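Okay, structure first, notes after.
The values are calculated or read from the model by the stated rules, or taken from the named source; none is laboratory data. A quick note: this is a predicted structure, and the numbers were derived from the prediction, not measured. FYI the Cβ positions are ideal-geometry reconstructions off the backbone, even for glycines, and counts take in every protein chain you see.
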Amino acid sequence: VRRITVPQIAARKGGDPIVSLTSYHAHTAAIVDRHADFILVGDSLGMVMHGMETTVGVPLDLMIMHGRAVVRGTKRALVVVDMPFGSYEESPGVAFRNAAQIMKETQCGAVKLEGGKRMAETIRFLTERGVPVMAHIGLTPQSSHVMGGFRTQGRDEDTWDLHIADAQAVAEAGAFAVVVEGVVEPLAQKITEAVSIPTIGIGASAACDGQILVLEDMLGLGDRPPKFVKVYGQLGDQIEQAVKSYSDEVRSRTFPGEDHVYR
Ligand code: KIV
Ligand code: NA
């Protein structure tokens, strides 16, 4: 089976909503692969998988390790890997070197990086050299230390023009799609109308051309997620129940039982 391509995602602007979720490892990715158009190996894995406070501490080799697992576990969806903090901001050349390493070592189809106007030159440098780039604007978690936390963007209408200009700059620079995170609905709508590439919303309303959520958040695994997450599963509760049952059965010597013993 041939994977969904970057141009196929780009061509979905204004069409059927693009479906996406994050995945960090092979088994969950294989499930998501049967339903999503693209899978993001997000740097949120630092928080979700490794207990970090923010995504700022995520190293490049960790993204590559999880990226490889997700590519191995999937065959249909486009796999996009996040460039972690510190791997692309310094210069287009540094960004290219690290993006090329991610693509070579994971075999993913595209990378994602945070930033609007300020990253436009880098996005152009990468796309002109064979690296498809998904941009990420609005609430950009890698800048949380500058912003003073994770703050919804666009509550003040005076800021809208800056966010719209960010979207236009990344589209103009050659990004094939743009994640719009944590912005008020009317701004998400204006951004989506302002660019010819698909907007992928997270906490950005149904006005976007597609949606993405962190898989573990929507599965009900881990901490209570932000307001914009709809929780579709209760995996945390199910795992708790299973672990408790196992513990009880080991203690009462009912596990291992007849079916689980070599005679
Ligand atoms: O790292 C991540 O999970 C992301 C998505 C939330 C867009 O960047
Ligand atoms: Na991310």
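Some notes on this structure:
- Considering residues of the stretch 127-137 that are farther than 12 Å from Asp166 by Cα and touching a residue at least 40 places away in the same chain (Cβ under 8 Å) only, the residue surrounded by the fewest Cβ atoms within 10 Å (Cβ to Cβ): Glu128
- Cβ-Cβ under 6 Å pairs, at least 6 apart or on other chains, the stretch 138-149 side under 17 Å from Leu113 (Cβ atoms), far side more than 10 Å from ligand 1 (Cβ to nearest atom) and not in a helix (DSSP H, G or I): Gly138/Gln153; Gly138/Val183; Leu139/Gln153; Gln142/Phe85; Ser144/Thr54; Ser144/Phe150
- Total residues in the stretch 172-189 satisfying the condition of being in a helix (DSSP H, G or I), surrounded by fewer than 24 Cβ atoms within 10 Å (Cβ to Cβ) and either within 15 Å of ligand 2 (Cβ to nearest atom) or small (Gly, Ala, Ser) (or both): the figure is 1.
- Residue count, the stretch 170-188 (criterion: within 19 Å of Ile9 (Cα to Cα) and more than 16 Å from ligand 1 (Cβ to nearest atom)): 4
- Any chance Ala26 is away from ligand 2 (no atom under 14 Å from the Cβ) and in the same structural domain as Gly130 (by TED's automatic domain parsing): yes
- Flag if Val195 is of a type outside the set (Gly, Ala, Ser) and buried (at least 17 other Cβ atoms within 10 Å of the Cβ): yes
- Test: residue in the stretch 235-244 that is touching a residue at least 12 places away in the same chain (Cβ under 8 Å), under 30 Å from Asp16 (Cβ atoms) and in a loop (DSSP other than H, G, I, E, B): no
- Applying the set (1) more than 13 Å from ligand 2 (Cβ to nearest atom); (2) modelled with pLDDT of 95 or more; (3) over 14 Å from the mean Cα position of the chain (by Cα) to Val56 leaves exactly one unmet item: (1).
- Flag if Gln101 is within 16 Å of ligand 2 (Cβ to nearest atom), part of a helix (DSSP H, G or I) and modelled with pLDDT of 95 or more: no
- Scanning the stretch 68-89 for residues that are within 11 Å of ligand 1 (Cβ to nearest atom) and within 19 Å of Ile4 (Cβ to Cβ) gives Val80, Val81, Asp82.
- Subset tally (residues that are surrounded by fewer than 17 Cβ atoms within 10 Å (Cβ to Cβ) and in contact (Cβ under 8 Å) with a residue 60 or more places away in the chain) for the stretch 40-61: 1
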